[in-house]
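Beneath this line is the structure, given in structure tokens, with notes to follow.
What follows draws every value from the coordinates through simple rules; no lab data is involved. These numbers were taken from a predicted model, which means no experiment stands behind them. We place every Cβ from the backbone using ideal geometry, glycine too, and count neighbours over all the protein chains shown.
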Amino acid sequence: MRTQVGIIGAGPAGLVLGRLLELQGIDTVILEARDRDYVQQRVRAGVLEQNTVDLLREAGVAERLDREGIVHHGIELRFDGEGHRIAMSDLTGGRAIWIYGQQEVVKDLIEAREASGLPLEFECSDVEVHDVDGDRPRITYTSATGEAVEVECDVIAGCDGFHGICRPVVAEAGEMVIAEREYPFGWLGILADVAPSTDELIYAYHERGFAMHSLRSPTLSRLYLQVDPGDDIANWPDDRIWQELHTRFEAPGWSLTEGPIIEKSITPMRSFVAAPMRRGRLFLAGDAAHIVPPTGAKGLNLAVNDVRVLADALVAFFAPGAARSETGLDAYSDTCLDRVWRVQDFSTYMTMLLHRLGGDPFDDGLQRSRLRYATSSEAAAKSLAENYVGLPT
Ligand code: APR
Ligand code: PHB
């Protein structure tokens, strides 16, 4: 097989890249390790920033998002039993966020790709990349039916997530620097079959730990609790989860409605940046290169930003004759990392602002002061808001 861009991974990064290149007439093959149901059902993030929505609309894959996505113009920070609204849209000249599950974005992109009849293969195993330092890199894999396949490419996009095979290949060149932070807490997340008890997302700071109230639809709530990262979900029967949520969200005149929990899990939190995001003709995008803690709701949005930059650079690279240019590809890693670090800073800020850090009185004093400042100074609120809705690209 021969293609211009071999894309490894059918998460948001790989699928959005495939769509952007399709619209520019560039050939792609997308190879995914898991089966289709798995990638479409995985419950993950649910906040799309303004830039992401704009890009999905331009790419012609936002029809259902525009119908079913829920636009939000503010968020609530809650502490000491009191809620404080950050009026995001008012503070950012009208920018907003949309609530729409990551797996819904993935479903829409898969559907669009299949409607175009372009190659997207699930259940690929033994995926390996070769010759990335030359100008004919190759991907080899075993197909779902057990056939050994080779794809000859001009460029390979490693969109294979944090546990993928592409980042180690870039690291083998010996120049990769890893910057990383682990946090002494994780998130217990639940999906509950009950109407949300709030119109806007609530981020709550409480002496027993952070809690967040999000949603997926008018009848589906998504809630999170800060827990020990090593904690076992078996220690959290539904009653205990609801009890803890009631305690951490407690505020006069407000109550949380319980409902059947249809999904629950604990995920650790980390920050991670691998640089550079390139080796020769292999380019990393999304979680393959970086992870942010979920407090800023940025993981998917950052992945989409990477592939926007990569798609633009590839259009110049494949341009005919004298218009052809490698400048964009040469700048790719630095351009992406600039935004990655802005988002790392914001995600760390949100994480350290809202999580209980072990009860040290100095940390506690700083956190409360920062919370009061963020909710009383327009300058501080504006800084939070412009990062939350996503700085312009
Ligand atoms: N070969 C083919 N596919 C692979 C391989 C492999 N060797 N290894 C992993 N994959 C697939 C995974 O199964 C997954 O579907 O690559 C895909 C990577 O997708 P994501 O993990 O969703 O990563 P990305 O597309 O970068 O999207 C980032 O995911 O974790 C969230 O918060 C994060 O929302 C952000 C988004
Ligand atoms: C979610 O809805 O899953 C969500 C929302 C906001 C966050 C993180 C996750 O900061």
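Compute the long axis of helix 327-354 from its Cα atoms, compare it with the longest principal axis of the Cα atoms of the chain, and write down the angle in degrees, 0 to 90, nearest 10. Relative to the chain, helix 327-354 is tipped by roughly 20 degrees. Principal axis extents of the Cα atoms in region 151-199, from largest to smallest and rounded to whole angstrom, are 50, 32, 17.
By the scheme Lys and Arg +1, Asp and Glu -1, what is the net charge of all other residues having a beta-carbon under 13 Å from that of Asp238? So the surrounding residues net to -3. If the Kirkwood radius is taken over C-alpha pairs of the chain, then at 4 °C and 1.567 mPa s the Stokes-Einstein diffusion coefficient equals 59 µm²/s. Excluding same-chain neighbours fewer than eight residues apart, the lysines reachable from Lys382 by a Cα-Cα span under 23 Å are Lys298.
Angle of helix 238-249 to the longest C-alpha principal axis of the chain, folded into 0 to 90 degrees and rounded to 10: 70°.
Here Lys264 is the anchor, and the aspartates and glutamates within straight C-alpha reach of less than 16 Å, apart from those fewer than 8 places off in the same chain, are Asp193, Asp228, Asp231, Asp232, Asp238, Asp239, Glu244.
For region 258-274, 3J(HN,Hα) computed residue by residue from phi via the Karplus equation (6.51, -1.76, 1.60; θ = phi - 60°) reads 8, x, x, 8, 9, 7, 8, 7, 10, 10, x, 10, 8, 10, 7, 9, 10 Hz, glycine and proline entered as x. Calculated mean residue ellipticity at 222 nm for the chain: -11500 deg cm²/dmol, from DSSP H runs with n ≥ 4 weighted as -39500 (n - 2.57), summed, divided by the residue count and rounded to 500. Modelled label positions at Trp254 and Arg85, each set 7 Å beyond Cα in the direction of Cβ, lie 1.3 nm from each other.
Between 0 and 90 degrees, rounded to the nearest ten: what's the tilt of helix 102-116 against the longest Cα principal axis of the chain? Relative to the chain, helix 102-116 is tipped by roughly 30 degrees.
Once backbone amide H atoms are built at 1.01 Å from N, Leu120 has Ile30 as its partners under 5 Å, excluding neighbours fewer than 5 places away on the same chain.
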